[in-house]
Amino acid sequence: MLPFASNKDGSASFADALFTATSATCVTGLITQDTATYWTMFGQVIILILIQIGGLGVVTITAAFAMISGRKIGLFQRSAMQDSISAPQVGGIVRLTLFAIKITFAIELIGFLLLFLPFCREFGIAKGIWYSLFHSISAFCNAGFDLMGTKEKFSSLTFFASNIPVNVVIVLLIIIGGIGFLTWDDIKTHKLKIKKYRMQSKVILLTSGLLILLPTIYYYTEFSGPEWDMTVRERIIAAFFQSVTPRTAGFNTVNLSMLSGGGMAIMIVLMLIGGSPGSTAGGMKTTTAAVLIGSAVSVFRRKKETCFFGRSISDETIKNAAVILLMYIVLCLSGAIVISNIESLPLGECIFETASAIGTVGLTLGITPELGIISHSILIILMFLGRVGGLTVIYAALSGNNTNISKLPQEKITVG
């Protein structure tokens, strides 16, 4: 809210500052004011710092400062670090955290260098350097903030829809940031010996691949319509980009309001699924979707266990996955219904916005800047819950020692 953080006379309003700070820290990308034109260089730096902290995680950043200062990392801190990057055990957690920090800065540096040339050609050297750094960090952290408002407000990357280098670099940064640090640790350790990967890494890679391939095929067919006026090459690029970015990245290279009902529905599903555990991405996570689908398949085949790659999944994991799905659906629909009634907007558009918020995606049909304070407050809450995790909030609110080990008599109830 400092006067020199925005280009507005005086200072930014508390509501705009809070919404932007929440969106940046939760690496969402929804905005009420255009990032490039409303905020000054100082304001944009603050946003970028919040994106970096939100992408790596507050616990990881805190642990990094503790390591740098030479402080001893105790068992409690190690346990928090384990939860932060979804590590399977406390042992080796300091090494994994250091690996996550190193790979983050290394990939962001590579992304900066690869974006430097096309952005310098477009914006000049000084602005090209800043734009390359900003978009590299924003893409790797799956934040979706952009500075393309200098061309047209709220335009995202639509002016680079046919620019192959920019599209490829941004997509790769999103994917690398979204598959999780544990998966990259497996890749670093075992290289191409996939059989030695953790079962979770195998599930993440397979699920992520399918969630990219299948939507790409669908959007390629959708973009073949005359209203899109695209060449074959442009359709391939746009379809590939739009299949990757909904899983919490938030950039777009096409006008999303032109999508068909089916196209929007697929995008909402992708936004809710999100990235993978221990990554910079949000959402329910690819593993949650995989466990639910695997559980359904095991029921259809009348198998007692849900298995992946020769390993069974515990009933507790399946229950948690079902609760997370229910929570995301309830929060998404409840928020959409309230916003629709308050703002007198179509429910479908509101569901798109709330799914984008709770999935920490940042894609929008253009209605977010026009919403009122109550609707913005709902989106803020959804962004916070989507990044922190609904189960985390519930566990924190309802924590307590349950020492009752007795069991009640079991009775059957018919479902389905």
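Taking the range 343-360 as the range and being surrounded by 24 or more Cβ atoms within 10 Å (Cβ to Cβ) and over 20 Å from Ala249 (Cβ atoms) as the test, only Cys350 passes. Taking the criterion of being part of a helix (DSSP H, G or I) and among the hydroxyl-bearing types (Ser, Thr, Tyr), the residues of the range 243-273 that qualify are Ser243, Ser257.
Every residue, every condition in (1) farther than 25 Å from Gly180 by Cα; (2) at pLDDT 85 or above; (3) part of a helix (DSSP H, G or I), yes or no:
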{"position": "Ser11", "(1), (2), (3)": "yes, yes, no"}
{"position": "Ala15", "(1), (2), (3)": "yes, yes, yes"}
{"position": "Ile47", "(1), (2), (3)": "no, yes, yes"}
{"position": "Thr60", "(1), (2), (3)": "no, no, yes"}
{"position": "Ala63", "(1), (2), (3)": "no, no, yes"}
{"position": "Gly70", "(1), (2), (3)": "yes, no, no"}
{"position": "Gln77", "(1), (2), (3)": "no, no, yes"}
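Evaluating Ser312 against the criteria (1) open to solvent by 80 Å² or more (accessible area, probe 1.4 Å); (2) over 26 Å from Gly54 (Cβ atoms); (3) not acidic (Asp, Glu) leaves one unmet condition, (1). Among the numbered conditions (1) closer than 30 Å to Thr306 by Cβ; (2) modelled with pLDDT of 95 or more, the only one that Ala336 does not meet is (1). Cβ-Cβ distances below 8 Å connect the following pairs, each with a first residue in the range 136-162 that is open to solvent by 20 Å² or more (accessible area, probe 1.4 Å) and assigned to a loop (DSSP other than H, G, I, E, B), a second residue that is among the acidic types (Asp, Glu) and at pLDDT 90 or above, and a separation of six or more residues or different chains: Lys153/Asp34; Phe154/Asp34; Ala161/Glu234; Ser162/Glu234.
Of all residues in the range 290-297, at least one satisfies being exposed (fewer than 13 other Cβ atoms within 10 Å of the Cβ) and over 15 Å from Ala161 (Cβ atoms).
Within the range 93-136, if we keep just the residues that are within 30 Å of Ile73 (Cβ to Cβ) and among the hydroxyl-bearing types (Ser, Thr, Tyr), the residue that is modelled with the lowest pLDDT turns out to be Thr97. Per the listing Ser243, Ser295, the residue uniquely more than 19 Å from the chain's Cα centre (by Cα) and at pLDDT 90 or above is Ser295. In the range 209-226, the residues that are in contact (Cβ under 8 Å) with a residue 24 or more places away in the chain and farther than 13 Å from Gly263 by Cα reach residues that are in a helix (DSSP H, G or I) and of a type in the set (Phe, Trp, Tyr) with C-beta atoms within less than 9 angstrom, at least six apart or across chains, in these pairs: Ile212/Phe240. Considering Thr221, Thr183, the condition of being hydroxyl-bearing (Ser, Thr, Tyr), out of contact with any helix residue (DSSP H, G or I) (no Cβ under 7 Å at 6 or more places or on another chain) and either within 30 Å of Cys307 (Cα to Cα) or at pLDDT 90 or above (or both) is satisfied by Thr221 alone.
Annotation note: Cβ proximity below 9 Å between a residue of the range 294-307 that is touching a residue at least 40 places away in the same chain (Cβ under 8 Å) and a residue that is open to solvent by 100 Å² or more (accessible area, probe 1.4 Å) and not hydrophobic (A, V, I, L, M, F, W, C) (sequence gap 6+ or interchain) occurs for no pair. All of (1) within 21 Å of Leu113 (Cβ to Cβ); (2) in contact (Cβ under 8 Å) with a residue 40 or more places away in the chain; (3) β-branched (Val, Ile, Thr) hold for Val203 with one exception: (1). Just one of the listed residues (Gly275, Gly261) is touching a residue at least 12 places away in the same chain (Cβ under 8 Å), within 29 Å of Ser224 (Cβ to Cβ) and open to solvent by 40 Å² or more (accessible area, probe 1.4 Å), and it is Gly261. Say whether the condition of being part of a helix (DSSP H, G or I), surrounded by 16 or more Cβ atoms within 10 Å (Cβ to Cβ) and aliphatic (A, V, I, L, M) is met by at least one residue in the range 206-219. Scanning the range 206-219, I find at least one residue that is part of a helix (DSSP H, G or I), surrounded by 16 or more Cβ atoms within 10 Å (Cβ to Cβ) and aliphatic (A, V, I, L, M), so the answer is yes.
Just one residue in the set Val168, Val232 is farther than 30 Å from Leu98 by Cα and either small (Gly, Ala, Ser) or surrounded by fewer than 17 Cβ atoms within 10 Å (Cβ to Cβ) (or both); that residue is Val232.
Filter the range 292-316 for residues that are among the charged types (D, E, K, R) and in contact with a Ser or Thr (Cβ under 6 Å, 6 or more places away or on another chain) and give the result. Passing the criteria: only Glu305. Of the numbered criteria (1) among the hydrophobic types (A, V, I, L, M, F, W, C); (2) assigned to a helix (DSSP H, G or I); (3) in contact (Cβ under 8 Å) with a residue 40 or more places away in the chain, the one Ile187 fails is (3).
The values are calculated or read from the model by the stated rules, or taken from the named source; none is laboratory data. Every value quoted in this text rests on a predicted model; they were computed, and no experiment measured them. Methodologically, a virtual Cβ is constructed for each residue, glycine included, from the backbone with ideal geometry; neighbour enumeration extends over all protein chains shown. Note: areas computed on protein heavy atoms with side chains; ligands, DNA, RNA excluded. Shrake-Rupley method; radii C 1.70, N 1.55, O 1.52, S 1.80 Å.
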